[in-house]
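Below is one structure, written out as structure tokens, with a few remarks after it.
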Amino acid sequence: MTFSVVIAHPLRWPLSVTRRFGLFHACQARSLSASGECDGWLPGHAEDVTDGVRPSDAGLGGDEQMVPRLDEETSEAVGKLGEALEWVERARGALYEFHQLSGHADRTLAEAIEEFASAGHPRAAAQLRRELLGRNVLDGRWTFQVVEEYDDLYYRAFVTADERIRTRFTGGRRHVHEARMKAAERDSAGRPRWNFGP
């Protein structure tokens, strides 16, 4: 029996493990450390492997994920910025939902107009067409323009700022504050910090 593993996020795995999983992409040279580990995997997939073969617990992170050199107050500040970005991501998702819902409504309106015309009500169809079809949802703009403006004016600036702060304070690592929370909670419960399983 075989299974396929899909890597959805960048991980830090020893090269021996990544070779075993047959990753088809190469590690970025600047991310290859002297210890033989790679920090720069891009999303990809692994070849089929047999049951019972899986990456070492290093694939789940490690104490280096907590960036021990970073003081707690700075860690919390970086984490708070990351939380703010997560809310921005949710807002952006809601905006795209608004975009798609509005587009679906417009297509349904067009179908309704055609059905009024086919049912023998050309004046009603013509009036709906004049009043609603192709109408701007905001002053001068369709929803795709709203989405693009949000992305260009706000979202990209937020993502760039978050990346700059993480690069400066955590070496680019994400969720450092959460990694510390995980380690503390699992320590208090007597669980290994980074192992597979519950």
Notebook entry, point to check: How many residues are among the small types (Gly, Ala, Ser) and surrounded by 14 or more Cβ atoms within 10 Å (Cβ to Cβ) when one looks only at the range 125-151?
Noted result: 1
Notebook entry, point to check: Has the range 116-127 got at least one residue that is touching a Phe, Trp or Tyr at 6+ places or on another chain (Cβ under 6 Å) and either at pLDDT below 95 or closer than 30 Å to Arg180 by Cβ (or both)?
Noted result: no
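The values are calculated or read from the model by the stated rules, or taken from the named source; none is laboratory data. Computed from a predicted model, the values in this text were never measured in an experiment. When we count neighbours, we look across all protein chains shown, and the Cβ atoms used for this are built from the backbone with ideal geometry, even at glycine.
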